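For reference, the structure I am asking about is given below.
Nothing in this text is a laboratory measurement; each read-out follows from the coordinates by a stated rule. Owing to the predicted nature of the structure, the values given are computational and were not obtained by experimental measurement. Cβ placement follows ideal geometry from the backbone for every residue including glycine, while neighbour counts extend to all protein chains displayed.
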Amino acid sequence: MTQALPYLVIVEDDPAFGRTLRRSFERRGYEVMLATSPDELAALVETTRFQYAVVDLKLGTASGLNCVQTLHDQDPETVIVVLTGFASIATAVEAIKLGAAHYLAKPANTDDIEDAFGKREGNAHVPVEGRKTSIKTVEWEYIHTTLAECNFNISEAARRLGMHRRTLARKLDKQQVK
């Protein structure tokens, strides 16, 4: 009797990165479907149950957090890993609250993601670092909290932060985790 392949959905708006992840996971024995937006994901979850999901946090002007919620609402057992080039504590906390099992900063490869699939439970023995927070880190976290509250709308976030939209865009480009 042959066992069915595990179903994986990748929600990624960068076509090249999405294709690369897809091929890599297919070589590892996953049945992979690709979505580039929350709407495409919503259509896929109507017909397919996924055991695993990889969700980009920023999908153009949309938030991947909506996708995390959609996947978790469809099946709370789906193991969801959020990938982002815009890592922040605020979005990590929201992703976990909404049902993600793990949160990884880009660049992350297939090994990193697959390892994260296996780490559904927390680890109380992870060492707590005594590192102090810098002013730049506090600013970065505040900006990302505001961005998440605005559903990643840069114009609205800039208005709430009291800065020009271009200034905010420059700050985001300068601090992006690559």
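Per DSSP H run of n ≥ 4, the term is -39500 (n - 2.57); total these for the chain, divide by its residue number, and report the mean residue ellipticity at 222 nm rounded to 500 deg cm²/dmol.
Numbers: 8 runs with 84 residues, N = 178.
Counting only the DSSP helices, I get -14000 deg cm²/dmol.
Right, something else. Provide THR145, THR47 in ascending order of the number of other Cβ atoms located within 10 Å of each residue's Cβ, fewest first.
Least crowded to most crowded, the residues run THR47, THR145.
For the residues MET163, MET33, what sequence is obtained by ranking on other C-beta atoms within 10 Å, fewest first? Display every interim value, and only then the final one.
Numbers: MET163 14, MET33 19.
Listed from fewest to most nearby Cβ atoms, that is MET163, MET33.
In addition: Quick one: if the Förster radius is 25 Å, what FRET efficiency do PHE17 and ARG160 give, using the C-beta to C-beta distance and rounding to 0.05?
On the way: r = 30 Å, r/R0 = 1.20.
The pair PHE17/ARG160 has a calculated efficiency of 0.25.
For the chain, which semi-axes, largest first and in whole Å, follow from the square roots of 5 times the eigenvalues of its Cα gyration tensor? Don't jump to the answer; show the numbers that get you there.
Details: eigenvalues 172, 73, 42 Å².
Semi-axes from the Cα gyration tensor: 29, 19, 14 Å.
Sequence gap at least 6, Cα distance under 8 Å: using those rules, report the relative contact order of the chain to the nearest whole percent.
Numbers: 253 pairs, mean separation 30.7, N = 178.
In percent, rounded to a whole number, it is 17.
For the chain, with the dipole built from +1 on Lys and Arg beta-carbon atoms and -1 on Asp and Glu ones, taken about the Cα centre, which of LEU172, PRO38, LEU104 lies farthest toward the positive end?
Going by the charge dipole, the pick is LEU172.
Report, to the nearest 10°, how far helix 64-74 tilts away from the longest principal axis of the Cα atoms in the chain, using its own Cα long axis and a range of 0 to 90°.
40
Report the semi-axes of the equivalent ellipsoid for the stretch 135-175 in whole Å, largest first, where each axis is √(5λ) for an eigenvalue λ of the Cα gyration tensor.
Numbers: eigenvalues 39, 28, 15 Å².
Calculated on Cα positions only, the semi-axes equal 14, 12, 9 Å.
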